[in-house]
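Worksheet: the structure to be examined is printed underneath.
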């Protein structure tokens, strides 16, 4: 009825189109023929590499993110550290509280950036770019691995900025410290990003994702002993502390930083007591392995989830 | 060889059957159009052909490969331009294309020349270093088309490639499509709900309610409708309508200030109309059937209705995206 008179109008709009079409197109030039080879391990490596590289390019272009994600660690380090110093001077055996918190802060900064890196997969989905990657003739696992490695690299680069602050908290530099811290940060960032990507496979809205991550990551960070020694804790907190994977990243980090300081035995014992499981003190190597193993397991789950999602 | 062969393809989402067994073949080098209101099953069909959705039943071959059994082989040979944009706004145009080339494993030495070719084709070569977030909607769509062509696909899928674009950009996109047909061995499969664009396709399948209700060249489809449309302006429209009904048995309606009706062989009818109608006629216009009429004949709804419902569909799609319905 009302649609019928459209006939004449629609017919007339047809006219200018072909003419305009000819004018809008540039003259044809030489065609470059491209052949896409069948899938091989080399194409998978290339895919992982480019997804990883994209994270770095984006990090480099997103200066705001670099600045904003520094705020929280700096608050903990300088405001909390300086503020509580007066209360705790007696029990830290003369060690500046900032120095004590520093290893914990090195861990937090990585945790929060890793979380943001993982969130980018949710953004990618929201802005459609995830689809471009998902329809490529490569394994989903290559995309997920590239994404997790990229996120981990970005988070540890961010961590390097905090490493530059070591002098401000009375920690002298050494090659061992720099490489050790970077290595531990890379490991923690990897696990956290893998965890985030695993969550991102299920939670598709950015608001809910950030909410869930805050809900999980913030308690994990508080319980981990980043801000307190994990020695004489009340029973309930000690149990939670041992169950918290972050504990096994914070303790090696603190051990590494303290190895660079001249601390009395009493101070070391009070501030960096060994992590124990039912009285057995867990070797640092096992702690580091725990973080790595959990990261690999979560990466595996993330890959499985994204591969199944058709 | 056929570029696309579809046999009794079906897709069910729970109780709802979105695609109810479609059959068709697209020849190599053809521009094939899918026409229909949103919700007709066009996008679901395209998603199955692109290996994004698994068919519930039936089979489809694209570029000679089965979409389920040889998913990767299909993906290597197709280019995709989606309705929603899938570019990385933080990257430059060049970086977006390079990323695509790497993901598709395009040989390193041809990446650069191919990129130049496709970017020049869509007129974005000069803007290759600009961040995509600074691009207009039309530029982004052009870049997406360039990207879809980076790996020389055998079949290019375009899902509503011109939706929401200004007439000029639409025209230039059609320019690229024609140019592609001449310069590359490529089959183009597209969906649209713009009638005037469907005219440019070699063949059109009209889809409605999950089924293909008509499939032929635009000319043949229009011929099959048979009736021409005549509009007359008279001194007394009401009497004219009554008389048309009594004398000729024609069902005429008022629209936009004129009496409008459909009749077979309109050119021969006009002289009779002047001779036999008692109401003085001030003006007359005759139009051949358009694809709107074809659409009306096969789906029972006008294109305006279809576009209105597609607008609601688009809103729904936005809502879905916000709730993470998209992957």
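Since every read-out is calculated from the coordinates, none of them should be taken as a lab result. Worth saying up front: this structure is predicted, and the values here are computed from it rather than measured. Positions of Cβ are generated from backbone atoms using ideal geometry, with glycine treated the same way; all protein chains shown enter the neighbour counts.
The mean number of Cβ atoms from other chains found within 10 Å of a Cβ in peptide B:151-157 is 2, as a whole number. Listed from fewest to most Cβ neighbours within 10 Å, the set A:107, B:50 follows the order B:50, A:107. Counting neighbouring Cβ atoms within 10 Å and putting the fewest first, the residues A:160, A:175 line up as A:175, A:160.
For segment B:103-136 versus segment B:219-296, the inter-centroid distance based on Cα atoms is 52 Å.
Projected label points at residue A:31 and residue A:174, each 7 Å from Cα along the beta carbon direction, are separated by 6.6 nanometres.
When only alpha carbons are used to place a centre, segment B:164-208 and segment A:201-234 end up 51 Å from one another.
Shape of chain B from its Cα gyration tensor (a ≥ b ≥ c, root eigenvalues): rounded if a/c is under 1.5, otherwise prolate when a/b > b/c, or oblate?
It is prolate, given that a/c is not under 1.5 and a/b is the larger ratio.
Assuming a ≥ b ≥ c are the square roots of the Cα gyration tensor eigenvalues, decide whether segment A:41-308 counts as rounded (a/c under 1.5), prolate (otherwise, with a/b larger than b/c) or oblate. Verdict is prolate for segment A:41-308.
What angle do you read, to the nearest 10 degrees and between 0 and 90, between the alpha-carbon axis of helix A:97-126 and the longest principal axis of chain A? Between the helix axis and the principal axis of chain A, the angle is about 20 degrees. Estimated from helices alone, the mean residue ellipticity of chain A at 222 nm is -23000 deg cm²/dmol (sum of -39500 (n - 2.57) over DSSP H runs with n ≥ 4, per residue).
Computed from Cα atoms alone, the Kirkwood hydrodynamic radius reported for the protein assembly as shown is 28.5 Å. Segment A:129-179 and segment B:20-37 have Cα centres separated by 46 Å. With neighbour counts taken as other beta-carbon atoms within 10 Å, the residues A:221, B:269 rank, fewest first, as B:269, A:221. Paramagnetic label reach from residue A:232 (point 7 Å along Cα→Cβ; backbone nitrogen cut-off under 19 Å): within segment A:248-274, residues A:264-274.
When the Gaussian network model of chain A links Cα atoms closer than 10 Å, the mean-square fluctuations of A:272, A:241, A:260 top out at A:260. Where both bridge residues fall in chain B, DSSP classifies roughly 65% of the beta bridges as antiparallel. Note on residue A:78 and residue A:167: the model spin-label points, each 7 Å out from Cα along the C-beta direction, lie 1.5 nm apart.
The eigenvalues of the Cα gyration tensor, multiplied by 5 and square-rooted, give segment B:227-288 an equivalent ellipsoid with semi-axes of 15, 13, 11 Å from largest to smallest. DSSP assigns beta bridges within the protein assembly as shown; of those with both partners inside it, close to 70 percent run antiparallel.
Note on chain A: GNM, Cα springs under 10 Å; of A:235, A:185, A:85, the largest mean-square fluctuation is that of A:235. Rounded to the nearest 10 degrees, the angle from helix A:41-61 to the longest Cα principal axis of chain A is 80 degrees.
Need one value for A:33-41: mean number of C-beta atoms belonging to other chains within 10 Å of its residues' C-beta atoms.
Partner Cβ neighbours, averaged per residue: 6.
In terms of the Cα gyration tensor, with a ≥ b ≥ c the square roots of its eigenvalues, is segment A:142-241 rounded because a/c is under 1.5, prolate because a/b exceeds b/c, or oblate? Here segment A:142-241 falls in the oblate category. Among the residues of B:164-177, the average count of other protein chain beta-carbon atoms within 10 Å of the residue beta-carbon is 4.
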